[in-house]
Amino acid sequence: MPLSDDIRGLADQVLDRVDEAREFYVHSRQAWRLVQQLARKGRPVGIVDLATKRHLPAGDLESRAQKYVTVQLAESTFRDLSSLLEDWILGLIRLWLTAYPEDMDLNFDPATGQRRGKKQEEVQIPLSRLLHLRDCSAILGGLIERVVRDLTYERPDRWFRYIDSRLSLGCPGATQRAKLYEMKAARDCLEHNRGVINRDYLNKAGTAARYAEGDLVQIDEPYLMECFTLLRDVTVAMARAAGIASGPKPRRRLHGGRSSGKPTPP
Amino acid sequence: MRRYPEPSGPKERALADESPKKEILRFLESGFAGVPEEANKVLSYNMGIQSSHGLLTWQEQSGTLMIESGLHSVARRLTMIDEMTKDGLRVSTDGIAGPYLMVPVAQLDAVLAVLDRHKVRYWVDADAISLDNEPAITVINFGRSGQAARIQAILDEAG
């Protein structure tokens, strides 16, 4: 399958999951709001624990519904969104490197089979892992997975630098990137610091920071909806640009002589 | 430019196509023509206008703006009272989620205007739920940093 089709397929998958997550959030909130209203009106609706025979009091349900909607539901949806961003960016890098493995080392000159200058890209992979791989493509696959895995632990600005230096997509723009950095920083803060803003968040979020140190992360609905839209827009734009960049054009040859299997002009 | 309807009855006075505040001020100056004498209270919560001559409120609904007078029930529509329960609007709170306010959609704009005037931060659910064909209710969320007592005091004062 051509790389452009793979990229479109990945983008479609991510966009479907974005839409699904959005619908799940909205429908879950609506369901809880309904429960909240029933409880507020004192309607005889209760949840009975069969083991303890205990009824959950209606008044209790009203405040619980508020917490479930604005804290648990919003935050878990937001975390999912952050994972989708990661799946998209790192998935795109994986697809690209699989098609163009020589792009793992930007200092490698395919024409000569030598490296350019003194700089040398390094990918550390355990020898034991390499030894049981049978052929070159399996070894390359292992290297690509290693590169992607290492990037997973990097900040989004590093992801984009990696992409910029290889694909030159021209997107997303600076404003969108800043918002994505903030989004990931807020997610990390929820995940690793109980939502309390610290210096780590401020460093990662940079100019798009929404809080001061010591504040609590608040995933309000307008912000959440903004994140949905942002992720959708960025994915669509990058997929389109990457599809064009991966199209038929003369490419470098792998290891000086062997064809890299990349698309060739018609 | 808004269009305002012609007077439809003795208890309504149509406004010309000018700013609401200007129109209400002119109406006040005119001596409250048509306002029943038994109405002894003026409620003009949105504009902050008060008078002892009669009951006066204004509201904006479905693109029409008109002065309604004389009926206490009409006045109540514009005060910070829950239309459904007829009680004062009650700010609920949850220790973790922060305060929130459940409010009929018909009252939303009026409540938000008060909150905006006091620079209270909030967000509103994107939709409202109607139960048993009753007026749809939405939720104004004040978040974790919301101050329930302050917000309640603001609403009480407005009512």
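Here A:Ile144 clears all of (1) over 21 Å from A:Thr77 (Cα atoms); (2) within 14 Å of another protein chain (Cβ to nearest Cβ); (3) touching a Leu at 6+ places or on another chain (Cβ under 6 Å) except the condition numbered (2). Contact map, region B:128-142: first residue facing another protein chain (nearest Cβ under 7 Å), second residue in a strand (DSSP E or B) and among the aromatic types (Phe, Trp, Tyr), Cβ cut-off under 8 Å, separation 6 or more or different chains; pairs are B:Val139/B:Tyr100; B:Asn141/B:Tyr100; B:Asn141/B:Trp123. Please list, ordered by first then second residue, the pairs with beta carbon atoms under 8 Å, 6 or more apart or interchain, first in region A:125-136 and within 16 Å of A:Val147 (Cα to Cα), second of a type outside the set (Gly, Ala, Ser) and outside any loop (DSSP other than H, G, I, E, B). Here the result reads A:Ile125/A:Leu143; A:Ile125/A:Arg146; A:Leu130/A:Ile139, each pair linking region A:125-136 to a residue that is of a type outside the set (Gly, Ala, Ser) and outside any loop (DSSP other than H, G, I, E, B). Being under 22 Å from A:Ala39 (Cβ atoms), at pLDDT 90 or above and more than 14 Å from chain A (Cβ to nearest Cβ) is the requirement here; does B:Leu115 meet it? No, not satisfied.
One residue alone among A:Gly243, A:Gly214, A:Gly142 is touching a helix residue (DSSP H, G or I) at 6+ places or on another chain (Cβ under 7 Å) and without any contact (Cβ under 8 Å) to a residue 60 or more places away in the chain, and that residue is A:Gly142.
Out of everything in region A:206-228 that is over 26 Å from A:Arg29 (Cβ atoms) and away from chain B (no Cβ under 14 Å), what residue ends up being surrounded by the most Cβ atoms within 10 Å (Cβ to Cβ)? Only one residue tops the list, namely A:Ala209. Total residues in region B:101-112 satisfying the condition of being within 14 Å of another protein chain (Cβ to nearest Cβ) and either of a type in the set (Gly, Ala, Ser) or outside any helix (DSSP H, G or I) (or both): the figure is 4. With respect to the conditions (1) within 14 Å of chain B (Cβ to nearest Cβ); (2) at pLDDT 85 or above, A:Asp60 lacks only one, and its number is (2).
The values are calculated or read from the model by the stated rules, or taken from the named source; none is laboratory data. Because the structure is predicted, anything quoted here is derived from the model rather than measured. Every residue, glycine among them, receives a Cβ derived from its backbone with ideal geometry; neighbour counts consider all protein chains shown.
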